[in-house]
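Computed from the coordinates by the stated procedures, all read-outs in this text should not be read as laboratory data. These figures come from a predicted structure and were not determined experimentally. Counting neighbours? That spans all protein chains shown, and the Cβs are built from the backbone with ideal geometry, glycine included.
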């Protein structure tokens, strides 16, 4: 079971990585698709001069962008540069658009330069850093380009031709509709972007180059099956699923956000049959009537489908019938399934399904949380709740502060604290952890009631837990203890000094941002230099993104001995930096010793729980202004 789960996670991560190389460049793909649709000889506005843009864009621009993005994902801007150079080797070494080659050479270039940088770190003499940086990138990129030219390019050429021939065979034998048996379940497992942009798009672009359009762009992007599911819930659903389905349908069909219908399928997994039958019907229609698009429809909105439809009247009719028929078949089958369902809808079904979807995505969400009990919760006997994270000094402290506030507001006489996951006290009755740590927490505290969250700042699981506790607890005279904490953020200037607040910073990668925050802690005398590597390791093991555009990088439990004194640094990043698919604009670097930092973390947590406070801190033009936002939030909530 563990091996199967590990394989599943590996496939999801690989799929997410593939799509992460394509998604940031969708604008370029759409530009190419629009220019192709408009200006090629059989386009809407044929123009021989402007049509010359089509070939260079698909041959050079798009693969190089993919290669750069793949390298950047591995090692920031330097990785992107080397990845782009290496990608040029596969482009020149073949006669077809090298999207698959770019997906190989881009990350490989980033990995090679990352390994080189690690090997020479701390060994370069002062004054020679720029020289070594530039020459290493140029030399390694050139070598990889040559390897790609002679080896990788021809190999990928063979693979691409074989894949394209396989698709052609499926089309000519009439078996292409069977692809929906894999595509539709894959979408609900959040492999939609990997399937569409990692597999179908590269082959589809080659078909466009040869035939002017491709049916492959509509296999995954077709909004019909998802729309059929949501319409079925509109008419035959129950409870909050029925109430929310109309809004979800608009977002799905017009906005192109397919992920919004996944929870509705997860609530009743048998509905996957409806999406598969709908998808197969649509693909059959598409192939029979010879439809297709001139470029990827991303996001999968009906508007994007229309924009990428070629001028041919038959293609327009085929594409629209594809969407309409797949939507109708899905709706009829889903309606039958829902109508036959005699069970009463549970109020939490949609939320549980959403949380399940988030876990499948392999990404952190700002709204997810699930309850997973090792034993039944007895609300009347709960006296101690423990928040646990890897080191027990950062995210758990902030989460404990927020829940402590909710416990106080509910009038519950319950002690809320935080700890490292390896040090969960034996008397913990409820344990809250990030989902990736829940298994370890259960091993440490098998008799506790466990709550898994993906975001310590704004999880709905908190409110669900409070509601459960209120049902059986006697709290007429219960009051939260007064901690005696200072009312303002700067009462303890040893932990957070004004000079440790940095405004208007920008970074090329999250690792660079974390190292900046770590070095600030080193410079402030809070930690030894080796603590910074522990901060990097902590974020790799478990994302330090907390939700609401903030991250709190801190060290692992192994490097707690490197902490000299508790300290907090604040880094404002107005333009944002990517943390595992989440945009972070405020970074709170943390080092904790003897819990003396918890008072400040508590205040920061309260302030950052409100998005308007976060926005105000991001806009702050001075250190005093930023700190004043936190102080005002403290006063408001005291």
Per the 1/(1 + (r/R0)^6) rule, R0 = 56 Å and r from the Cβ atoms of residue 53 and residue 628, FRET efficiency to 0.05 is 0.60
For the range 498-637 the mean separation of alpha carbon contacts under 8 Å (6+ apart) over residue count, i.e. relative contact order in percent, is 25
Computed over the Cα atoms of the range 280-340, the Rg and Dmax in Å are 13.0, 43
Normalised per residue, the volume inside the convex hull of the alpha-carbon atoms of the range 498-637 in Å³ amounts to 96
Stretched fully, the stretch from residue 528 through residue 415 gains (0.36 nm per residue minus C-alpha distance, one decimal, in nm) 37.3 nm
Taking 0.36 nm per residue of separation between residue 499 and residue 118 and subtracting their Cα-Cα distance, the length gained on full extension comes to 134.2 nm
Quick note, the range 513-554: a/c under 1.5 would make it rounded; otherwise a/b > b/c is prolate and the rest oblate (a ≥ b ≥ c, C-alpha gyration tensor); here it is oblate
Taking 0.36 nm per residue of separation between residue 273 and residue 558 and subtracting their Cα-Cα distance, the length gained on full extension comes to 97.8 nm
For residue 254 and residue 426, extending 7 Å from Cα along the Cα-Cβ vector and measuring point to point gives, in nm, a value of 6.1
